[in-house]
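*Asks:* Structure provided below as C-alpha cells; questions to follow.
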2 protein chains.
Amino acid sequence: MTYYTNIQDHVWKALSDAKRRAILDSLIKGPRSTGDIVSLFPTIGRTGVLKHLDVLKNSELITIKREGRTRWNYINPAPIAAVCGPWVTRHIHGITQSAADLKALAENSPSEEKQDPS
Amino acid sequence: MTYYTNIQDHVWKALSDAKRRAILDSLIKGPRSTGDIVSLFPTIGRTGVLKHLDVLKNSELITIKREGRTRWNYINPAPIAAVCGPWVTRHIHGITQSAADLKALAENSPSEEKQDPS
DNA sequence: TTAATATGTCACTATATAGTGACATATTAT
DNA sequence: ATAATATGTCACTATATAGTGACATATTAA
C-alpha cells in the first residue's frame, strides 16, 4: 500500500535517501543552482539529481527561486525541525505518547502522527 | 543501485516507514512480545509485521530477548541518538560540514557520513 | 502424547523508487 | 537569427520494498 497523504511521511521518505541528505548538506552553506548540485554527483546523471530535487521540493525541504535561466535551490530546515526534531528528541529521551495517540498510530499508520484538527 | 553497507543508511531507511516508527513508539513504554505488536496493527498480517521487526532488528533499533516461546522486543534508541540526532541538530542549527566531508558525501553517497577509520 | 501457542521461514505478488536517454523549452551570448 | 546554456518533461528499465499465504519449528498446556 504505502499511500501516505501527510507531510510527515514525505519528510521521512525524503530523508531516507543518502544522496538527498547529501544534497541538503551541500545547501547548508547557501543556495546552489541545479547544475551546480548535479556536478556534485558524478555517479548519477542530471535527471537522476532532478528527481531527487523534486522529492525534496515536494516535502518542502527545499524552496526554489528562479533567476533568468538559473534555478536556485534553497534549503528549508523547517520540516526537519517540525517533523524529525520532536520525534528524535522524544525517542532519545524515551518519552511515552498517550495511549490514544499510539492506537491511532497503529491503526491508520498512513496518516500517522499528530494531525491538524482541520 | 541503492546498495548501502553502512549502518547509517539502514537506520534512516528503517525510520522512513510510518509503521516501523509506530512500532518503535509502542516500545517506548517497555518491551512487547511479537504477538502483542502484531495485534497493534489490524491492517497488516503477522508476516508483514515480522518483516518490519526484521528491518528494525537489522538496523539495531530493537534488540531481542527470548523467553520460552515468547520473543520480547526491546527498543534501542542508540542508533537514533547516534545517527539521526546529530544530523537533525546540525540541520536545525544550519551548521556546515567541512568541504572534504561534503565531497566524500556526494561522490560515494552509499557509504555516506563519517565512517569508522577501521 | 496431543494440542494449542508463539514464532520463524520461504516463495510469491504488487507497488514504489532510483536512474536513464531522448526530447522540449526558456534564457543568454554572439 | 543562431548557438550555447540551464532547466524541464516523459516513457522506460531495473531494483527495492511492503505485504501475503503456506508451511515449519519450538515451547507450554492438557
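The values are calculated or read from the model by the stated rules, or taken from the named source; none is laboratory data. For clarity, every value in this text was computed on a predicted model and none was experimentally measured. Cβ coordinates were reconstructed from backbone atoms using ideal geometry, including for glycine residues, and neighbour counts include every protein chain displayed.
*Asks:* Pairs needed: first member in segment A:1-23, at pLDDT below 95; second member anywhere, basic (Lys, Arg); C-beta distance under 8 Å; at least 6 residues apart or different chains.
*Replies:* Matching pairs, first to second residue: A:4/A:13.
*Asks:* Another one. Would it be correct to say that residue B:27 is within 13 Å of the chain's Cα centre (by Cα) and touching a residue at least 40 places away in the same chain (Cβ under 8 Å)? Let's see the steps before the verdict.
*Replies:* Values: within 13 Å of the chain's Cα centre (by Cα): no; touching a residue at least 40 places away in the same chain (Cβ under 8 Å): yes.
Considered against the rule, which asks whether it is within 13 Å of the chain's Cα centre (by Cα) and touching a residue at least 40 places away in the same chain (Cβ under 8 Å), residue B:27 comes out as no.
*Asks:* Got at least one residue in segment B:75-92 being outside the structural domain of residue B:16 (by TED's automatic domain parsing) and touching a Pro at 6+ places or on another chain (Cβ under 7 Å)?
*Replies:* Within segment B:75-92, one or more residues are outside the structural domain of residue B:16 (by TED's automatic domain parsing) and touching a Pro at 6+ places or on another chain (Cβ under 7 Å).
*Asks:* Shifting gears a bit: Select from segment A:42-80 the residues that are aromatic (Phe, Trp, Tyr) and away from DNA strand D (no atom under 12 Å from the Cβ) and list them in ascending order.
*Replies:* Applying the first criterion (aromatic (Phe, Trp, Tyr)) to segment A:42-80 yields A:72, A:74.
Listed by number, the list holds a single entry, A:74.
*Asks:* Taking helices (runs of 4 or more DSSP H) that fall entirely within segment B:25-104, which contain at least 1 residues that are basic (Lys, Arg) and more than 15 Å from DNA strand C (Cβ to nearest atom)? Reasoning before the result, please.
*Replies:* Working: elements: B:34-40, B:46-58, B:85-92.
Those helices (runs of 4 or more DSSP H) span B:85-92.
*Asks:* Considering B:109, B:118, B:59, B:98, which residue is closer than 16 Å to residue B:9 by Cβ, of a type in the set (Gly, Ala, Ser) and modelled with pLDDT under 95? Spell out the reasoning first.
*Replies:* Details: B:118 fails: closer than 16 Å to residue B:9 by Cβ; B:59 fails: modelled with pLDDT under 95; B:98 fails: closer than 16 Å to residue B:9 by Cβ.
When all the criteria are applied, what remains is B:109.
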